[in-house]
Amino acid sequence: MAPLKLIYALKKGITMKVTGLLLSLFLVVGFLQNCGDDSSSREAPTTGQPTVIAMTDFSGAMLFFNRHTDTVSSYTCNSCHSLTDPDPDSMHRPGNPVGNAFNRASFKNGDFTSLIQAVNSCREEWMTAPQWSENDPVWKELESFLQEQAEDQGSQTISYSIKTTTPTIVDGDMDAGREFFNSSCSICHGTNGVNGFAPSIAGSSLTPQQIYTKIRTSGQEDIDIYPGLTGGRMPFYSEERITDTQIMDVITFVKNAEAMETVIVDSKDLSLAGAQTNCGSTSSKIGQTLSFSTLSHRVSGIARIVDDCTIQLEDFNFDGGGVDIRVYTGSISSSSGRFEESSNPSISVNLLNQEFVNGNATVRLPAGVNINDIDALSIWCVPFGISFGHGGFN
Ligand code: HEC
Ligand code: HEC
């Protein structure tokens, strides 16, 4: 069979048999659009009975093109890599193509000599997912898919150069910038820089210098194999993937593109539809407060338990940025101080594009959630599984 053609047919949602597994439409519906609900790509809309598909039911192709069930990250391998260059869908991804990776003798500028190490490092560093072992059947699926892709594709290794110096930034070409943006950055940031699963950046208030640095050196700072990174979950673009001239065009576009409107909120009910009302005042937790830490997007303020089903946010600040941002319930790890979400954590609507400046808001608990079970709250970025700020009640 012609694997590539088949895969792109699959991305369009055609039901086919691949390597003995029946894969149907529901496996691909969430492709790159899953900013909201973090289980959307694994649910079968046809049955009316959402079923989470276990990892072993995915074929290797699905592991490349879809989100993995063992992480809350929105990334797929295909967010950052195509199989061939140019990619048949004419997008230009930040990472190099990996269609012949199976044949390569070394990876990541020579730091790794086995494919699984390279893939595990991407899973861990970019997708916040645990490492696979050599014998993991899920890895075996992906490996045989990559092996299939590599047939007749040669074995040349690739390299990447992370540029840590900044040139003088001059105005670029708006149209060229839009074109590059919408064939690359849009994979995550959405067409014209709005409504993607990554933050809306049209009309960004960042300086051209900051945007340049973001594109060239984004990624966690402490990873040896990528020297010079300056933080973030977005992957850097190496010199092999974007030129300085193209970056300047893109910056000109981003700065001038039309921004999304942010609504400043003073007081608001942020409860989910169908939340509890008119509950009693019997809980011993009534009166407890917490103070949100400030981790990102200017989150701060306090939360107060006012009755058996209502939490009040006071002096609350949040810049309205992010993707899908919810008030989450959970607990604070006593060892790491990190927020750990509870099993059914979301208690609010999406706070995206609602800016709070010393504001107040009400969150009434959804049916079935008991105030006595809530130890801590976080302002939580759902697709990336990160806390923008959290605190524990006392
Ligand atoms: C958020 C972006 C991102 C995601 C998601 C991601 N990678 Fe990567 N990957 C990179 C970057 C950046 C590099 C290093 C630069 C390069 O090779 O272009 C890399 C390098 C690699 C390499 C080494 C290439 C070489 O020969 O040096 C392989 C193989 C690879 N990735 C496979 C995968 C697979 C398979 C997945 C899915 C499980 C995946 N990656 C997910 C960003 C990502
Ligand atoms: C593979 C997904 C992906 C691609 C492709 C991507 N980004 Fe990002 N970008 C992100 C994510 C996720 C964030 C938020 C987390 C972070 O700051 O690292 C982000 C953040 C940013 C920010 C900072 C936003 C802020 O307000 O702090 C800028 C600017 C940005 N990206 C620009 C770009 C540009 C320009 C391109 C194309 C050249 C691009 N990105 C391509 C995923 C991506």
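The values are calculated or read from the model by the stated rules, or taken from the named source; none is laboratory data. All of these numbers come straight from a predicted model, not from anything done at the bench. Cβ sites come from the backbone with ideal geometry, for glycine too, and all protein chains shown count toward neighbours.
Hey, can you tell me all the residues within segment 145-162 that are exposed (fewer than 15 other Cβ atoms within 10 Å of the Cβ) and part of a helix (DSSP H, G or I)?
Across segment 145-162, the qualifying residue is only Gln147.
Exactly one of (1) of a type in the set (Gly, Ala, Ser); (2) in contact with a Leu (Cβ under 6 Å, 6 or more places away or on another chain); (3) within 24 Å of Asn350 (Cα to Cα) is unmet by Gly219. Its number?
All conditions pass for Gly219, except number (3).
Could you name every one of the helices (runs of 4 or more DSSP H) located completely within segment 163-262 that has at least 1 residues being more than 16 Å from ligand 1 (Cβ to nearest atom)?
In segment 163-262, 174-182, 208-217, 244-256 are the helices (runs of 4 or more DSSP H) which contain 1 or more residues that are more than 16 Å from ligand 1 (Cβ to nearest atom).
Tell me the residue from Thr207, Thr289 that is farther than 23 Å from Thr166 by Cα and more than 9 Å from ligand 2 (Cβ to nearest atom), please.
After applying the criteria, what remains is Thr289.
Limited to segment 343-360, what total is found for residues that are part of a loop (DSSP other than H, G, I, E, B) and under 15 Å from Asn195 (Cα atoms)?
Selection size over segment 343-360: 4.
When you scan segment 63-88, how many residues do you find that are under 22 Å from Thr243 (Cβ atoms), within 22 Å of the chain's Cα centre (by Cα) and touching a residue at least 40 places away in the same chain (Cβ under 8 Å)?
Total meeting the criteria: 2.
Mind checking whether some residue in segment 325-335 is within 30 Å of Ala202 (Cα to Cα) and among the charged types (D, E, K, R)?
yes
Among the residues of segment 363-379, what is the count of those that are at pLDDT below 95 and assigned to a strand (DSSP E or B)?
Number of matching residues: 0.
In segment 273-328, what count of residues is obtained for those that are assigned to a strand (DSSP E or B), among the acidic types (Asp, Glu) and under 30 Å from the mean Cα position of the chain (by Cα)?
Counting residues in segment 273-328 that are assigned to a strand (DSSP E or B), among the acidic types (Asp, Glu) and under 30 Å from the mean Cα position of the chain (by Cα) gives 2.
Let me spell it out: the conditions are (1) of a type in the set (Asp, Glu); (2) away from ligand 2 (no atom under 16 Å from the Cβ); (3) in contact with a Gly (Cβ under 9 Å, 6 or more places away or on another chain), and Glu125 meets all of them except one. Which number is the exception?
(2)
For Asn135, are the conditions met, namely being assigned to a loop (DSSP other than H, G, I, E, B) and free of Cβ contacts under 8 Å to residues at least 40 places away in the same chain?
The answer is yes for Asn135.
Only one of (1) farther than 27 Å from Phe339 by Cβ; (2) assigned by TED's automatic domain parsing to the domain that holds Phe339; (3) in contact with a Phe, Trp or Tyr (Cβ under 7 Å, 6 or more places away or on another chain) is not met by Arg298, so which one is it?
Of the numbered conditions (1) farther than 27 Å from Phe339 by Cβ; (2) assigned by TED's automatic domain parsing to the domain that holds Phe339; (3) in contact with a Phe, Trp or Tyr (Cβ under 7 Å, 6 or more places away or on another chain), the odd one out for Arg298 is (1).
Being assigned to a loop (DSSP other than H, G, I, E, B), within 10 Å of ligand 1 (Cβ to nearest atom) and not polar (S, T, N, Q) is the filter here, so list the residues in segment 68-78 that pass it.
His68, Tyr75
Consider segment 133-162. How many of its residues are within 9 Å of ligand 1 (Cβ to nearest atom) and in contact with a Lys or Arg (Cβ under 8 Å, 6 or more places away or on another chain)?
Counting residues in segment 133-162 that are within 9 Å of ligand 1 (Cβ to nearest atom) and in contact with a Lys or Arg (Cβ under 8 Å, 6 or more places away or on another chain) gives 4.
Filter segment 88-131 for residues that are within 9 Å of ligand 1 (Cβ to nearest atom), farther than 30 Å from Asn182 by Cα and part of a loop (DSSP other than H, G, I, E, B) and give the result.
Those that are within 9 Å of ligand 1 (Cβ to nearest atom), farther than 30 Å from Asn182 by Cα and part of a loop (DSSP other than H, G, I, E, B): Arg104, Ser106, Gly110, Asp111.
Inspect all residues belonging to segment 198-205 and state whether any of them is modelled with pLDDT of 95 or more and not aliphatic (A, V, I, L, M).
No, because not a single residue in segment 198-205 is modelled with pLDDT of 95 or more and not aliphatic (A, V, I, L, M).
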